[in-house]
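First up is the structure itself, then whatever we jot down about it.
Every number here is computed from the coordinates shown, using simple stated rules; none is lab data. Note that the structure is a prediction, hence the values are computed from the model and not measured. Counting neighbours? That spans all protein chains shown, and the Cβs are built from the backbone with ideal geometry, glycine included.
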């Protein structure tokens, strides 16, 4: 689960209903079997300490992976719970352009990527994730704004990316989408942060450049990648 445990979010972006938020926090089905809870950064449309701690308390199999900034927010929110969870809270801060292996198992690897947050007054340590699972390579960039040099240093183009989850501005900016097309070369794209109020226009613009790009449009929607 990546960036799935947040609270009220931000006004321009979609949020889950309170009922679904409760299911996520209680680690109830369909979220009872989550092994890894990842957060790209601490902004409140991606991360909420109470929600994360609630899920970790309810789901003793889950490990939380994010920046040391996010790990510290958990300890600040509820030190007793964070101490009880202990080693299941993992904080890592790879520098820009660096890649850190967080998990290596028979069926999955997770690498944290040092990727800068896009332009904002409220900067936070932003992590990308490169996940190899089931023979597929998945890239989640968080709210990054990276350049071709970052892609090269991280080795993202070495084998290619099967599924890239990218903020919509990567797909509407002429300079950024050229980095996606030429350097990342994903086979499939899921656009993130598409504003619900302007979804149709934004998706028309994206699909004019990336015809196979898709975006989630409703709560608990599934998209199948073949």
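Counting beta carbons within 10 Å around each of 1, 203 and listing the fewest first gives the order 1, 203.
Computed from Cα atoms, the angle from the helix 199-209 axis to the main principal axis of the chain rounds to 50 degrees. Ordering 66, 107, 173 from the fewest to the most neighbouring beta carbons within 10 Å gives 107, 173, 66. The order of 64, 216, going from fewest to most other C-beta atoms within 10 Å of their C-beta, is 216, 64. Considering only 141, 28, 164, the Gaussian network model of the chain with Cα springs below 10 Å gives its largest mean-square fluctuation to 28. The angle separating the long axis of helix 49-58 from the principal Cα axis of greatest extent in the chain is about 60 degrees. Springs between Cα atoms under 10 Å define the GNM used for the chain, and in it the highest mean-square fluctuation of 126, 59, 212 occurs at 212. Separation of the range 134-205 and the range 1-40, taken as the distance between their Cα centroids, equals 22 angstrom.
Taking every C-alpha pair closer than 8 Å and separated by at least 6 residues, the mean separation divided by the residue count of the range 1-91 gives a relative contact order of 30 percent. Taking Cα atoms only, the orientation of helix 68-77 departs from the longest principal axis of the chain by about 40 degrees.
For the range 84-182, the Kirkwood hydrodynamic radius from C-alpha pairs, put into Stokes-Einstein at 4 °C and a viscosity of 1.567 mPa s, yields a diffusion coefficient of 91 µm² per second. Dividing the alpha-carbon radius of gyration of the chain by the rule-of-thumb value 2.2 N^0.38 Å gives 0.98. As a ratio to 2.2 N^0.38 Å, the alpha-carbon radius of gyration for the range 1-91 is 0.98.
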